[in-house]
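> Following this message is one structure expressed as structure tokens.
The values are calculated or read from the model by the stated rules, or taken from the named source; none is laboratory data. Bear in mind the structure is a predicted one, so any value in this text is a computation, not a measurement. Please note: Cβ atoms are built from the backbone with ideal geometry, for glycine as well, and neighbour counts cover all protein chains shown.
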């Protein structure tokens, strides 16, 4: 049993993906506390995590984190295989598709803000597609499109800025740990 | 030495949270292409709003008497029409892409007081005389919109 757990197939990348997916689930649970004026208008803070993973670990890891977030999140919410789950799944798939496309844009010119804006719009588009095809096949939902699109742009911009800010922050963990470890040494010498 | 340790602990946090005025945000986080994306996205969302929320001026007036369509007038042509109901004649006027009920024998004059109509879906009802006027879109006629 122990040997099975510690097989070499579990890499540090796997651990990182699991951590980031857990963070994403935690963020989406945290934001679900706040009531939303219209169903579907949410900040989508978990997408910040997906953006971070995309920039730091690449596309494959981002797909994993996003997929795990959808499935594990729906298990936590108790919405697995319900309409909510499929909405979330279609939104995440479209958003990932958009990320794979925008990821090919020249990186020095297009940053996380571009990725975030376009993928949040794709997210809304994917959800609306499922809503229209399956849940509410009525042209009336077209009246909601502008509201959802404006919300997607606003939150996409904010999430992109947060992701850009986090990506530019110097990674503090190793340095501060070294410093903390170094404190007794310096106090001894001083 | 202890003081320097405190500084190293607190300073990075303070400087990174306080450095958030708009100029720094714009300078540090936006790449040239990001501006392009933002502009394109804003334009397309504006276009979406304009096209999907267009309660445009209608171009057709549907006149009904006792529930039956008695006449369909164009809003583009000025004219006056008289429709006879159980109480008498209701006079309808189309002028400058608008329509109104000029006079009606109904006691409370509700449809006359309704004034000019020009948007798709607007309606004036003269119930006692069983006459109604509705502005519609010639391309796709919509009875009512509920959402």
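> Mind telling me which of the residues A:60, A:69, A:16 ends up being surrounded by 20 or more Cβ atoms within 10 Å (Cβ to Cβ) and at pLDDT 90 or above? Reasoning before the result, please.
Working: A:60 fails: surrounded by 20 or more Cβ atoms within 10 Å (Cβ to Cβ); A:16 fails: surrounded by 20 or more Cβ atoms within 10 Å (Cβ to Cβ).
One residue alone meets the criteria, A:69.
> Could you please give the count of residues in region B:103-116 that are surrounded by 13 or more Cβ atoms within 10 Å (Cβ to Cβ) and under 21 Å from residue B:66 (Cβ atoms)?
To start, the set of residues in region B:103-116 that are surrounded by 13 or more Cβ atoms within 10 Å (Cβ to Cβ) comprises B:103-106, B:109-112, B:114, B:116.
Checking which are under 21 Å from residue B:66 (Cβ atoms) leaves us with B:103-106, B:109-112, B:114.
So the answer is 9.
> Looking at the structure I just gave you, is residue A:73 more than 30 Å from residue B:26 (Cα to Cα) and in contact (Cβ under 8 Å) with a residue 12 or more places away in the chain? Please lay out each step first, then the result.
Working: more than 30 Å from residue B:26 (Cα to Cα): yes; in contact (Cβ under 8 Å) with a residue 12 or more places away in the chain: yes.
Yes; evaluated as a whole, the condition is true for this residue.
> If you take just the strands (runs of 3 or more DSSP E) that sit entirely in region B:46-135, which of them hold at least 3 residues that are within 23 Å of the chain's Cα centre (by Cα)? Show your work before the answer.
Details: elements: B:60-65, B:68-74, B:79-84, B:89-95, B:98-103, B:123-126.
Correct list: B:60-65, B:98-103, B:123-126.
> For region B:75-90, which residues satisfy the criterion of being free of Cβ contacts under 8 Å to residues at least 24 places away in the same chain and either out of contact with any strand residue (DSSP E or B) (no Cβ under 6 Å at 6 or more places or on another chain) or within 16 Å of residue B:64 (Cα to Cα) (or both)? Walk me through it before giving the result.
Residues of region B:75-90 that are free of Cβ contacts under 8 Å to residues at least 24 places away in the same chain, as a first pass: B:76-82, B:84, B:89.
If the condition is that a residue be free of Cβ contacts under 8 Å to residues at least 24 places away in the same chain and either out of contact with any strand residue (DSSP E or B) (no Cβ under 6 Å at 6 or more places or on another chain) or within 16 Å of residue B:64 (Cα to Cα) (or both), then B:76, B:77, B:80, B:81, B:82, B:84, B:89 are the ones that fit.
> Could you tell me which of the residues A:128, A:133 is in a helix (DSSP H, G or I), buried (at least 17 other Cβ atoms within 10 Å of the Cβ) and at pLDDT 90 or above?
On the way: A:133 fails: buried (at least 17 other Cβ atoms within 10 Å of the Cβ).
Answer to the selection: A:128.
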